[in-house]
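Everything below concerns the one structure shown next.
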Amino acid sequence: MPYTPNAGPYDSLTPDNAVVLLIDHQIGLMQLIDDMPPETAKSNVIGLARAAKTLGLPVILTTSRDWGPNGALLPELASLFADEEVIRRPGVINAYRWPAFREALETTGRKKVIIAGVTDATCLSFPSLDMVLDGYEVHAVIDASGAEAPGEIVRDAVVANLSRAGVHIKSWFGVVAELIADWRRDEAKGWPLAVGAVHDHLPSWGYLLDTDMAYGTGRMTPPEWFVAGASEPTGRTPAVGTAERGD
């Protein structure tokens with residue numbers, strides 16, 4: 001039977017059906033993260049945020065008591081979404097139970113939710129559990145969230161609890177790859193995504209791109225057989241730089 005490229009039974013996340021929620025990534029609260037280095041946690045959050053903006057997803061940001069020790073929203077997020085309202089909660093821990101936040105989510109009309117919270121056991125877990133019961137499909141980005149001490153124990157407990165409740169546990173790059181799905185889908189966004197958020201916040205990918213001699217020009221040189229949006233590289237396609245074999 002013929003197969004259609006990039007078509008399958010799983011109802012994937014796309015830029016047209018999902019919304020991103022970034023919960024309480026504040027300067028003070030970032031100090032609670034114990035399961036990864038602070039620079040890694042910050043990079044993962046910014047990577048997810050930049051990818052969402054590049055792909056045009058709606059992003060909802062919220063803070064908790066940002067005038068006290070919790071601290072202000074990460075400056076990078078504030079700058080990236082300078083034109084977006086940040087929903088400032090005065091004390092309610094569960095963002096989903098703050099009316100303005102819930103209204104903002106409902107206004108998007110989207111039921112697939114990508115969520116990251118500064119702390120796994122609270123900022124990430126509480127709204128995720130509520131949203132599942134309210135009919136949302138929730139994708140928790142575990143590496144753009146952080147576990148309080150003792151980090152690995154807390155993270156493992158949260159993953160088990162959320163998974164049992166029906167929450168999908170994802171990594172930030174896994175979410176980004178699912179959203180773009182096919183680098184040919186939209187060349188205007190695919191390449192900026194690759195050399196922007198992914199390059200800068202996933203070091204292994206950055207190294208990969210930096211080894212391409214054309215990276216400095218902002219483009220890659222495809223082989224002769226490649227037609228943008230149409231070519232289907234398979235095992236039957238000759239490798240770049242080799243001639244077709246007669247056998």
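A compact table of results
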{"quantity": "Condition met for Ala78 (at pLDDT 95 or above, open to solvent by 20 Å² or more (accessible area, probe 1.4 Å) and more than 19 Å from Val167 (Cα to Cα))", "calculated": "yes"}
{"quantity": "Members of the stretch 52-71 found to be in a loop (DSSP other than H, G, I, E, B) and surrounded by 15 or more Cβ atoms within 10 Å (Cβ to Cβ), listed by number", "calculated": "Leu57, Pro58, Arg65, Asp66, Asn70, Gly71"}
{"quantity": "Among residues of the stretch 91-127, those that are in a helix (DSSP H, G or I), open to solvent by 60 Å² or more (accessible area, probe 1.4 Å) and in contact (Cβ under 8 Å) with a residue 24 or more places away in the chain, counted", "calculated": "2"}
{"quantity": "Given (1) touching a helix residue (DSSP H, G or I) at 6+ places or on another chain (Cβ under 8 Å); (2) among the small types (Gly, Ala, Ser); (3) closer than 14 Å to Ile33 by Cβ, number of the condition Ser171 does not satisfy", "calculated": "(3)"}
{"quantity": "Members of the stretch 108-133 that are farther than 28 Å from Val154 by Cβ, out of contact with any Pro (no Cβ under 9 Å at 6 or more places or on another chain) and not charged (D, E, K, R)", "calculated": "Gly109"}
{"quantity": "Looking only at the stretch 14-31, and only at residues there that are in a loop (DSSP other than H, G, I, E, B) and crowded, with 23+ Cβ neighbours inside 10 Å, the one that is nearest to the chain's Cα centre (by Cα)", "calculated": "His25"}
{"quantity": "Filter pass, Ala157 being among the small types (Gly, Ala, Ser) and at pLDDT 95 or above", "calculated": "yes"}
{"quantity": "Helices (runs of 4 or more DSSP H) wholly inside the stretch 128-214 that include at least 1 residues being within 18 Å of Tyr96 (Cβ to Cβ), open to solvent by 50 Å² or more (accessible area, probe 1.4 Å) and touching a residue at least 12 places away in the same chain (Cβ under 8 Å)", "calculated": "151-165"}
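The values are calculated or read from the model by the stated rules, or taken from the named source; none is laboratory data. Predicted model only: the values in this text are computed from it and were never measured. Methodologically, a virtual Cβ is constructed for each residue, glycine included, from the backbone with ideal geometry; neighbour enumeration extends over all protein chains shown. Only protein heavy atoms, including side chains, enter the accessible area calculation; ligands, DNA and RNA are left aside. Shrake-Rupley method; radii C 1.70, N 1.55, O 1.52, S 1.80 Å.
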